[in-house]
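The block underneath contains the structure these notes are about, expressed in structure tokens.
The values are calculated or read from the model by the stated rules, or taken from the named source; none is laboratory data. The model shown is predicted, which means the values in this text are computed figures rather than measured ones. Counting neighbours? That spans all protein chains shown, and the Cβs are built from the backbone with ideal geometry, glycine included. To get the accessible areas, we keep the full protein, side chains included, count just its heavy atoms, and leave off ligands, DNA and RNA. Shrake-Rupley method; radii C 1.70, N 1.55, O 1.52, S 1.80 Å.
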Amino acid sequence: YVAAVYEHESILSPTPAALVERRAALELMGRNLDIYEQQVLAAARQGAQIIVFPEDGIHGFNFTRSSIYPYLDFVPHSRSVKWNPCREPYLFNDTEVVQRLSCMALKSKIFLVANLGTKQPCERSDPRCPPDGRFQFNTNVALGADGALLATYRKHNLYFEYAFDTPAEPDYAFFDTPFAGKVGMFTCFDILFFEPAVNLIRQYNLKQIVYPTAWMNQLPLLSAVEFQQAFSTAFNVNILAANIHHPTLGMTGSGIYTPVKSFIYHNMESYGGKLIVAEIPVITADYKTNLEKTPGRVSEKGKEQSPPSFYAEMMYDNFTFVPVWGEKGELQVCANSLCCYLNYQRTVLTDELYALGVFDGLHTVHGTYYVQACALVKCGGLSFSTCGQEVTDATALIDFQLWGNMSTPYIFPLLLTSGITLDFADHMGWKNNHYFLSKNRTSAGLLTAALYGRWYEKD
């Protein structure tokens, strides 16, 4: 099927904390919706059957709970409500935004997924009802090619979003399409947690995911395109990921991903939005791409003199590293119960410093979640203290096999090359209770090759 995602540079309120009238809020959002409308037409002209827009794209961000209120639409959450906002605008009050989205879908006969703020009045008798008498949700809507509201999803894992509430129960949101079967949806930070993302995919055996996000890139392990691709590969799903474009905030990175190919946009240099349109295969069966039967050797033999280990901070976690010296070698490095191993050969010796790092613990900055990671990274400079820094360019081509005795089945294989481009492993999967990733000949200089494990039970 043909899919489209739009990386949108939002027109933002200059004073998001100020209280404004609904009319002023609609005026600002209307300017973003005007851009959406052009992109829907452009995508439809290129044959797209579905288009996805980013998180916070219509209203922007940095609101307070009260200042976002005029920007919120009312959208019924119940699956039992059959509603076409474009054709039945009179059914509910305060639905101007979802009406416009619905009319865009109807006019171009395209499935449309967008993110907006919604409100839901609650009874004071409800112990969870906030003092102002309403819930405010970060919400995705999916609209059919006839404009009908197909599904809503309220974000569960909020990322410092004080304007919004967390729904009492995780939403498992998906909708049917004639071209790709069932399509699931969740938002941004959700991708790092079991609920609802992993549970949704497993429970309903989903193979297509739409994913609005407003993601701040964090190298070396959590760049948007890097992790979106890893998620697609790990769960054998197609992902249509639309990110916000605000380079000054470190936000860029959208794409259409399959487990074996991706169409991405990552641009920290220029401004303006970007439409990506690509034709991708519908994934139907659970063919296991990551269980190739020729993994090479996973040797447990005693290591020759390993170089000295050292500690450095990477993404606010204290990693234990060993330097990757010389043109070839075998290394191991351990922390807690996790041991990481690397066989490597450099095809060309450059003066770049690489290191093999391990972390097995609770990540506690910008969210709390348990990580098991084995990572081969390019350091920022030539001293050990620069390992773990954000690096975007590299020239070294390294053939490698990386493996670790991971304690969780949820492993995201990361493979990032120079200029924030993606590459695909030759082989990966489980062998003898170790997860491995191997690659000969990366397409560009190696930035990161990592096994990023999420041990959800220990969050």
**OP:** Return one number: the angle in degrees, 0 to 90 and rounded to the nearest 10, between the long axis of the Cα atoms of helix 96-108 and the longest principal axis of the Cα atoms of the chain.
**Re:** 80
Original post:
How large is the helix-only mean residue ellipticity at 222 nm for the chain, computed as the sum of -39500 (n - 2.57) over DSSP H runs with n ≥ 4, divided by its residue count, in deg cm²/dmol to the nearest 500?
Top reply: -4000 deg cm²/dmol
**OP:** Figure the gain on full extension for Y204 and C129 (residue separation times 0.36 nm, minus the Cα-Cα span) and round it to one decimal in nm.
**Re:** 23.9 nm
**OP:** Could you state the accessible area per residue of the chain in Å², with a 1.4 Å probe and every protein chain left in place?
**Re:** 39
**OP:** Report, in debye and to the nearest 20, how large the dipole of the stretch 2-279 comes out about its Cα centre when Lys and Arg carry +1 and Asp and Glu carry -1 on their Cβ.
**Re:** 480
**OP:** Sort C103, C340, C122 from largest to smallest accessible area, using a 1.4 Å probe on the heavy atoms of the protein chains.
**Re:** C103, C122, C340
Original post:
Given the C-alpha centroids of the stretch 410-426 and the stretch 181-253, what is the distance between them in whole angstrom?
Top reply: 15
Original post:
Using a 1.4 angstrom probe and counting only protein chains, how large is the accessible area of H8 in Å², to 10?
Top reply: 0
Original post:
In the chain, what cysteines have no partner Cβ closer than 4.7 Å?
Top reply: C188
Subject >> E330-A42 FRET efficiency (beta carbon distance; Förster radius 45 Å; 0.05 resolution) >> reply: 0.30
Original post:
Which distance in Å, rounded to a whole number, links the C-alpha centroids of the stretch 3-36 and the stretch 128-173?
Top reply: 18
Original post:
Quick one: with all protein chains in place, what share of the accessible area of the stretch 334-408 is carbon or sulfur, to the nearest percent (1.4 Å probe)?
Top reply: 52
Original post:
How many angstrom separate the Cα center of the stretch 315-329 from the Cα center of the stretch 52-71?
Top reply: 41
**OP:** Write down the Kirkwood hydrodynamic radius of the stretch 30-185, to one decimal in angstroms, obtained as one divided by the mean of 1/r over all alpha carbon pairs.
**Re:** 16.0
**OP:** On the full set of protein chains, 1.4 Å probe, figure out the accessible area of R202 and give it in Å² to the nearest 10.
**Re:** 140
**OP:** Output ³J(HN,Hα) for the stretch 252-262: one whole-Hz value per residue in order, computed from phi by the Karplus curve 6.51 cos²θ - 1.76 cosθ + 1.60 with θ = phi - 60°, and x for Gly and Pro.
**Re:** 5, x, 10, x, 10, 10, 10, x, 10, 7, 9
